[in-house]
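Here's the structure we're looking at; comments come further down.
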Amino acid sequence: MNAQRVVADLRELAARTSTPDGAQRLAWGPVWRDAREWFRDKIAELGLRVDTDAAGNNWVTLPGSSSKSVIIGSHLDSVPNGGWLDGTLGVAAALEALRMHAATRPPVTLRIVDWADEEGARFGRSLLGSGAAAGSLRIDSVRELKDRQGTRLVDALAENGVVLDRMLDAGSDLKAMNAAAYLELHIEQGPVLESLQKPTGVVLGTFGVERHTIRFIGQAAHSGSTPIPMRRDAFLAAAQTALECREIALRHSQPGPGRNVVCTVGVVNVEPKIVTAVPGVCEMSLDQRALDAGVLALMLRDARQASERAARENNVMVEWRELWRIEPRPFDPALIALCEQAVREETGDATRLPSGPLHDAAEMVPHMPVVMMFAYSANGLSHCKEEDTPIPHLETTIRAYLRLVQKTIAHVADGG
């Protein structure tokens, strides 16, 4: 288990695909394609090839004695000015696992995947490649997407040999893989492991998400001549709701792994957006996340009630529009147990935590047993050039992940 070689690979890829501002592996663009070329070269050194499915996902197959397969990997794309570990850590560690088995025939088939466009940073649809393979992607919902330069998604895909209307064909390839497990290594992207002074974590599952736009409609009026009691201030209703949503998250959070929940208002827009006018319209986003589906439903109910109460008290109307949702995706208990064993063997302990961010692993949950492992994120930072993990912690986590791969192969070979 050569963790140092994995770190060296990560450094090499970062030097090749980054600027002083950070990683520039934006999906479907030239730097991303160069990162994939780097990956192809590494695979060619092992005498293997990279196959690309209809959704643009890259696959490497090492045949085993059994057609049952263990899938390992992550993604190479990044956000603009991103970090050196997000996504790439899982691919580089999977590459090392492949090296460990390439000289012999493993008892089960081992597959590496580099998912296409996990971030959604360019066109706004995260988990694009894995969603297509999983069958959750609605083609018509992304057909008209454009990036900030006005490039259409359909044209960017075509430039990379992907036909939008055929992306769901990737699902047939996934079904044919006879997958018995999916393992993903990723940085935490949050501060929990650092706060616990733990290098490595066992991930229980990914949060479910309820994402909505809430629109409050009042009446614009002159700020100097309209008395406070006579105003229909849409912003005040939104502000009141946002504060209540923070209390909703605190109320539904409980001590213990997977019991924490979050509510976030990330976007607020007002009309007419004039210093001397009472806002007649205010639109805000609400992102709610929890690992327990019942708790998530209660949080949504409470937020709706809070918005309706704020609307009444401020004499405005309120409308809700769903943006996106995904159910909580708890991971497989047997694989969680193996992950705990692997982490404990390397660190002496096995911290359990949920994933607030989504990952390609979430798309695989309905199709096969899944588990993830997290590495400590320095200062809880990700999606920026400051993203980092102390090298001793990084190497410890890589070794733990490679142990997990070994244990999972044996587990599947034994009929697990």
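The values are calculated or read from the model by the stated rules, or taken from the named source; none is laboratory data. Worth saying up front: this structure is predicted, and the values here are computed from it rather than measured. Quick reminder, even Gly has a Cβ in these numbers, built from the backbone with ideal geometry, and neighbours come from all protein chains shown. Note: areas computed on protein heavy atoms with side chains; ligands, DNA, RNA excluded. Shrake-Rupley method; radii C 1.70, N 1.55, O 1.52, S 1.80 Å.
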- Residue match in the range 328-336 (condition: in a strand (DSSP E or B), under 30 Å from Ala306 (Cβ atoms) and modelled with pLDDT of 95 or more): yes
Among Ala97, Ala116, the single one that is farther than 27 Å from Val142 by Cβ and aliphatic (A, V, I, L, M) is Ala97
- Task: Might you check whether a residue that is within 26 Å of Gly161 (Cβ to Cβ), part of a loop (DSSP other than H, G, I, E, B) and either open to solvent by less than 10 Å² (accessible area, probe 1.4 Å) or in contact with a Leu (Cβ under 8 Å, 6 or more places away or on another chain) (or both) occurs anywhere in the range 18-27?
- Result: yes
Checked Gly266, Gly280 against criteria (at pLDDT below 95 and either open to solvent by less than 70 Å² (accessible area, probe 1.4 Å) or farther than 24 Å from Thr206 by Cβ (or both)); the one match is Gly266
Per the filter on the range 60-83, residues open to solvent by 10 Å² or more (accessible area, probe 1.4 Å) and either farther than 19 Å from Leu174 by Cα or not in a strand (DSSP E or B) (or both) are Pro63, Ser65, Val79, Pro80, Asn81
Apart from one, (1) out of contact with any His (no Cβ under 8 Å at 6 or more places or on another chain); (2) under 25 Å from Asp117 (Cα atoms); (3) outside any helix (DSSP H, G or I) all hold for Met373; the odd one out is (1)
The lone condition Val50 fails out of (1) more than 23 Å from Ser382 (Cβ to Cβ); (2) of a type in the set (A, V, I, L, M, F, W, C); (3) surrounded by 19 or more Cβ atoms within 10 Å (Cβ to Cβ) is (3)
Those residues of the range 84-119 which are in a loop (DSSP other than H, G, I, E, B) and in contact (Cβ under 8 Å) with a residue 60 or more places away in the chain amount to Trp84, Leu85, Asp86, Gly87, Pro106, Pro107, Ala116, Asp117, Glu118, Glu119
Within the range 338-348, the residues that are out of contact with any strand residue (DSSP E or B) (no Cβ under 6 Å at 6 or more places or on another chain) and farther than 15 Å from Val405 by Cβ are Arg344, Gly348
Checked the range 349-370 for anything of a type in the set (A, V, I, L, M), farther than 20 Å from Pro199 by Cα and not in a loop (DSSP other than H, G, I, E, B); matches are Ala361, Ala362, Met364, Val370
Subset of the range 277-301, residues out of contact with any strand residue (DSSP E or B) (no Cβ under 6 Å at 6 or more places or on another chain), under 17 Å from Arg215 (Cα atoms) and of a type in the set (A, V, I, L, M, F, W, C), comes to none
If we keep only residues of the range 212-261 that are at pLDDT 95 or above and among the charged types (D, E, K, R), then the residue surrounded by the most Cβ atoms within 10 Å (Cβ to Cβ) is Asp233
If we keep only residues of the range 122-137 that are outside any helix (DSSP H, G or I) and among the hydroxyl-bearing types (Ser, Thr, Tyr), then the residue nearest to the chain's Cα centre (by Cα) is Ser126
| Can you spot a residue in the range 299-314 that is in a loop (DSSP other than H, G, I, E, B), more than 24 Å from the chain's Cα centre (by Cα) and within 22 Å of Ala220 (Cβ to Cβ)? | yes
Does Pro369 qualify as being of a type outside the set (D, E, K, R), at pLDDT 95 or above, open to solvent by 10 Å² or more (accessible area, probe 1.4 Å) and in contact with a Leu (Cβ under 6 Å, 6 or more places away or on another chain)?
yes
Counting only residues in the range 28-47 that are acidic (Asp, Glu) and within 24 Å of the chain's Cα centre (by Cα), the one most open to solvent (accessible area, probe 1.4 Å) is identified as Glu37
